[in-house]
Amino acid sequence: MRNLVMALLFVGGVSLATDGAKIFKSKGCASCHQPTAETVGPSLKKIAGAYAGKKADLVKFLKGQGKAIVDPAKEAIMRPQLTMIKNLPEDQLEALADFILKHK
Ligand code: HEC
């Protein structure tokens with residue numbers, strides 16, 4: 001019984017993560033953000049570190065209402081990207097934030 005519960009929790013977690021990952025890829029975010037390497041944009045690991053314990057702030061940023069805290073000097077490159085996602089439903093933005101935060 002306990003194993004079954006664990007398995008269900010595991011499957012639930014994965015489907016949520018997959019959802020966020022899917023949005024991240026389909027919106028072209030992956031072309032500038034790698035899991036650990038610094039490329040055009042900061043790595044997901046770096047972003048997850050900056051937003052550790054601050055998921056609400058991250059969701060706010062994704063909605064275009066926050067301020068850049070990771071690399072403010074390059075905010076002009078990131079800001080226009082938000083037009084593609086800022087109007088997504090809340091649960092999709094949360095899934096996206098969860099996906100990013102997983103890289104810590
Ligand atoms: C053209 C390249 C590019 C694309 C495409 C891109 N980003 Fe970025 N992103 C950047 C750069 C450069 C920064 C660093 C500036 C900054 O911190 O805002 C950044 C920073 C961020 C940050 C950190 C914000 C902060 O507080 O500093 C998040 C979160 C983020 N991007 C998410 C996304 C998501 C989600 C997508 C897809 C919709 C995306 N990015 C697409 C270049 C890009």
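All of the numbers you see were taken from the coordinates with simple rules; none came from a lab. Given the structure is predicted, the values throughout are model-derived calculations rather than measurements. Counting neighbours? That spans all protein chains shown, and the Cβs are built from the backbone with ideal geometry, glycine included.
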**Message:** To make sure I understand the rule: partners must be aspartates and glutamates, Cα under 16 Å from the Cα of LYS86, and not fewer than 8 residues away in the same chain. Which ones qualify?
**Reply:** ASP57, GLU75, GLU94, ASP98
**Fill in**
Note, region 72-79: 3J(HN,Hα) by Karplus (6.51, -1.76, 1.60, θ = phi - 60°), whole Hz, Gly/Pro = x, goes x, 4, 9, 4, 4, 7, 7, 3
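Which of VAL70, VAL40 has the fewest other C-beta atoms within 10 Å, and how do the rest follow up to the most?
Working: VAL70 17, VAL40 11.
Ranked by crowding around the Cβ, least crowded first: VAL40, VAL70.
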**Message:** Please compare each pair in LYS74/LYS102; LYS22/LYS45; LYS25/LYS63; LYS22/LYS74 to a cut-off of 21 Å on the Cα-Cα distance and tell me which ones are over it.
**Reply:** LYS74/LYS102; LYS22/LYS74
**Prompt:** Which part of region 68-101 falls in the paramagnetic zone of LYS54, meaning amide N under 13 Å from the point 7 Å along Cα-to-beta-carbon?
**Reply:** 68-72
**Prompt:** Each residue of region 58-66 in turn: what ³J(HN,Hα) in whole Hz from Karplus with 6.51, -1.76, 1.60 and θ = phi - 60°, glycine and Pro shown as x?
**Reply:** 5, 4, 4, 4, 5, 7, x, 10, x
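Could you list the GluC sites (Glu not before Pro) in region 37-104 that lie in coil according to DSSP, counting only those with at most 12 other Cβ atoms within 10 Å of their Cβ? Walk me through the numbers on the way to the answer.
On the way: sites: GLU38, GLU75, GLU90, GLU94; in loops: GLU38.
Answer in residue order: GLU38.
Quick check: residue separation of GLU38 and SER26 times 0.36 nm, minus the Cα distance between them. What number comes out in nm?
2.3 nm
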